[in-house]
1. Could you work out how far apart the two model spin labels at residue 88 and residue 27 are, taking each label as a point 7 Å from the Cα in the direction of the beta carbon, and quote it in nm?
2. Divide by every residue of the chain the summed helix terms, -39500 (n - 2.57) for each DSSP H run of at least 4, and state the resulting mean residue ellipticity at 222 nm, rounded to the nearest 500 deg cm²/dmol.
3. In what sequence do 17, 94 fall when counting other Cβ within 10 Å, fewest first?
4. Could you work out the Rg to Rh ratio of segment 10-57, with Rh taken as the Kirkwood radius (inverse of the mean 1/r over all Cα pairs)?
5. What list of ³J(HN,Hα) values in whole Hz, one per residue of segment 77-93 in order, does the Karplus curve 6.51 cos²θ - 1.76 cosθ + 1.60 (θ = phi - 60°) give from phi, with Gly and Pro shown as x?
6. Using Cα pairs under 8 angstrom and six or more residues apart, how large is the relative contact order of the chain, in percent?
7. D for the chain, whole µm²/s, Stokes-Einstein with Kirkwood Rh over alpha-carbon pairs at 37 °C and 0.692 mPa s: what number?
8. Using a 4.7 Å cut-off between beta carbons, which cysteines in the chain end up with no partner cysteine at all?
Amino acid sequence: MRKKPDKLVLENIKKLFLLAKKEVRERPWLAKRYVADARKIAKRQNLSLKKYRRKFCRKCGIYFVPGENCRVRISKGKISIKCLYCNNYVRYKFEKSKRR
Ligand SMILES: [Zn+2]
């Protein structure tokens, strides 16, 4: 049987991302730290941050706010995000959301 991820851990990660979102405009360094903490927890618990993958820059760890600190473009089924902090480019295949 596969072990389910701890609910509390998932809650904490969610909270950290919410905090990062809140702080990114005023205190981007703090937002970075929240993201870094969330990633650390996920790594320790062997969790994937798939859900949050597109919400932060993998290079510098800043939380993405479209139009603020990143540029998002969608073309030919691909999403490209450019981080305006470190000029890193991230590309993703466009997947249809399973959310209803
Ligand atoms: Zn970056």
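Each value in this text was obtained by applying a stated rule to the coordinates, not by laboratory testing. Since the structure is predicted, the reported quantities are computational estimates derived from the model, not experimental observations. Here Cβ is always computed from backbone atoms with ideal geometry, including for glycine, and neighbour counts include all displayed protein chains.
1. 2.3
2. After summing the helix terms and dividing by residue count, I get -11500 deg cm²/dmol.
3. 94, 17
4. Numbers: Rg = 10.0 Å, Rh = 10.6 Å.
Using Cα coordinates only, the ratio equals 0.95.
5. For segment 77-93, the Karplus-derived couplings read x, 10, 10, 10, 10, 10, 7, 7, 8, 10, 6, 7, 9, 10, 10, 10, 6 Hz, x marking Gly and Pro.
6. Working: 114 pairs, mean separation 17.3, N = 100.
It rounds to 17 percent for the chain.
7. Values: Rh = 14.4 Å.
For the chosen part, D equals 229 µm²/s.
8. Among the cysteines of the chain, those whose Cβ sits 4.7 Å or more from every other are 70.
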